[in-house]
Amino acid sequence: MGAVYRSEDLTSKERMKKAMDRGIPDRVPFMCQMSFGHMLLQTGFSPSAFWLSKEIFTKGLLHLRALYDFDGILISLHGHSPDWEKSIDRVERQKEQEIVFWKDGDKTIFPRNDLPTHVPGNKKSSTLITEIDPETFPDKIEYIPVSLGLKFPIDPKHKFDIIDSIVETAGSRYSIHGEVTSPFDYFLHFFGVSEALMSLVSNPIESKAILQCYANGVTQLALEMTTHRVDAIKISSPFSGSGFISPHFYREFVLPYERQIVRSVRQQDVHIYTHTCGAIGDRLEMMVESGISGLECLDPPPLGDVNLAEAKKRIGNKVFIKGNIDPIHVLLKGPPEIIKKDAEEKIRIGNRDGGYILSTACSIAPHTPRSHVHILRETADQ
């Protein structure tokens with residue numbers, strides 16, 4: 001492992017790189033993913049503008065990094081259209097939410113403390129895999145499947161404008177991370193969870209052909225992203241834990257396609273890590289087989305089943321680890337002394353032999369007190 005540096009020797013960007021290289025920096029880096037609701041509550045921006053406007057989302061991300069003194073910035077949405085307001089018919093602003101009515105008849109409900117909900121004007125019936133010809137299935141990625149039923153369109157002429165803006169403003173000092181989504185997530189989003197999961201059993205050949213189309217598209221998107229000076233790319237793969245699919249199905253329907261993305265990005269000398277929620281203790285080594293630089297979440301019980309000390313023994317010599325702080329039972333609920341004790345333990349275990357980034361397992365919950373997040377940063381300093 002590399003040398004231990006004094007705090008004045010490293011910028012946040014260098015500190016994060018040292019950890020992602022599985023070294024031991026001057027102190028453990030600190031960088032959390034935040035829920036959309038938490039970001040809204042801490043910034044006070046209009047929820048629809050925060051979602052749709054590149055300028056507002058950029059301001060929010062920079063503000064939140066400074067608020068918590070994170071060593072990096074995750075850009076979870078990209079491809080904002082500069083003409084988003086032209087598609088709106090009207091906006092109803094209420095105390096707890098905003099409702100955007102679109103000219104095409106759809107509407108989107110934007111709560112002030114959570115992700116938006118999109119309501120199509122015409123209810124579309126679900127697509128069956130038997131109705132799809134894999135030979136003609138498109139492999140171009142045109143949206144981000146943020147959650148089931150909710151997608152964020154990627155403007156093809158402005159795919160990475162927000163990344164360029166944040167890199168220009170903060171990229172010399174802080175670690176800038178882009179994000180792509182697992183092909184498996186696109187598959188679930190397109191067909192719906194029930195149809196998609198049944199298709200893995202009833203139509204595995206067709207399922208793999210469509211997953212390959214998504215893998216080609218995501219790989220191309222990730223490769224384009226590497227040319228915009230990101231320090232790392234996160235693969236969002238929330239539905240790949242044992243709560244959804246078995247280890248056997250993970251190896252068959254997730255691993256080959258994420259491996260394709262990972263290998264292409266690593267060839268560009270850019271770090272890439274996987275974010276998977278829930279219980280992954282039965283597939284840690286399998287996830288590492290993809291060639292990822294790091295692994296995020298590692299939800300501890302009761303949210304998941306990962307013990308950090310065990311994970312360090314099993315995979316800590318192969319990837320960096322980011323996470324393992326319970327965002328609900330520890331960070332949200334506290335009390336402060338429990339948060340501090342848990343953070344101290346995670347730093348002691350995680351930073352052994354290097355390659356650890358202090359972070360919540362999954363996202364900071366919407367109503368988490370700001371002071372609770374500050375405890376993590378203070379503990380990292382101490």
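The values are calculated or read from the model by the stated rules, or taken from the named source; none is laboratory data. Computed from a prediction, not measured in an experiment: that's the story for all the values here. Please note: Cβ atoms are built from the backbone with ideal geometry, for glycine as well, and neighbour counts cover all protein chains shown.
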Restricting attention to the range 273-286, does a residue exist that is over 20 Å from the mean Cα position of the chain (by Cα) and either assigned to a helix (DSSP H, G or I) or surrounded by 18 or more Cβ atoms within 10 Å (Cβ to Cβ) (or both)? yes
Which one is surrounded by the most Cβ atoms within 10 Å (Cβ to Cβ) among residues in the range 333-371 that are more than 27 Å from LYS13 (Cβ to Cβ) and of a type in the set (A, V, I, L, M, F, W, C)? ALA365
Take the conditions over 26 Å from ARG377 (Cβ atoms), in contact with a helix residue (DSSP H, G or I) (Cβ under 9 Å, 6 or more places away or on another chain) and of a type in the set (A, V, I, L, M) and apply them to ILE261. Does it pass? yes
Can you pull out the residues in the range 36-55 that are under 13 Å from ILE166 (Cα atoms) and buried (at least 18 other Cβ atoms within 10 Å of the Cβ)? LYS54
Of all residues in the range 294-323 being under 15 Å from the mean Cα position of the chain (by Cα) and not in a strand (DSSP E or B), which is nearest to SER175 (Cα to Cα)? LEU298
Go through the range 160-190 and count every residue that is buried (at least 18 other Cβ atoms within 10 Å of the Cβ) and charged (D, E, K, R). 3
Do any residues in the range 135-152 that are closer than 21 Å to GLU206 by Cα have Cβ atoms under 9 Å from those of residues that are in a loop (DSSP other than H, G, I, E, B) and modelled with pLDDT of 95 or more, where the two are at least six apart or on different chains, and which pairs are they? LYS140/PRO156; ILE141/ILE154
Any chance GLY37 is in contact with a Lys or Arg (Cβ under 9 Å, 6 or more places away or on another chain), at pLDDT 95 or above, in a helix (DSSP H, G or I) and not hydrophobic (A, V, I, L, M, F, W, C): yes
So which of VAL193, VAL254 ends up being in contact (Cβ under 8 Å) with a residue 40 or more places away in the chain, under 24 Å from THR127 (Cα atoms) and surrounded by fewer than 19 Cβ atoms within 10 Å (Cβ to Cβ)? VAL193
Do you know which residues across the range 56-80 are hydrophobic (A, V, I, L, M, F, W, C), surrounded by fewer than 22 Cβ atoms within 10 Å (Cβ to Cβ), part of a helix (DSSP H, G or I) and touching a helix residue (DSSP H, G or I) at 6+ places or on another chain (Cβ under 7 Å)? ILE56, LEU62, LEU64, LEU67
Taking ARG266 as meeting all but one of (1) of a type in the set (D, E, K, R); (2) more than 20 Å from HIS329 (Cβ to Cβ); (3) surrounded by 23 or more Cβ atoms within 10 Å (Cβ to Cβ), write down the number of the exception. (3)
Residue, nearest to ASN216 (Cα to Cα), within the range 242-271, restricted to residues that are modelled with pLDDT of 95 or more and among the aromatic types (Phe, Trp, Tyr): TYR257
Could we say that SER147 is polar (S, T, N, Q) and over 27 Å from ARG93 (Cα atoms) here? no
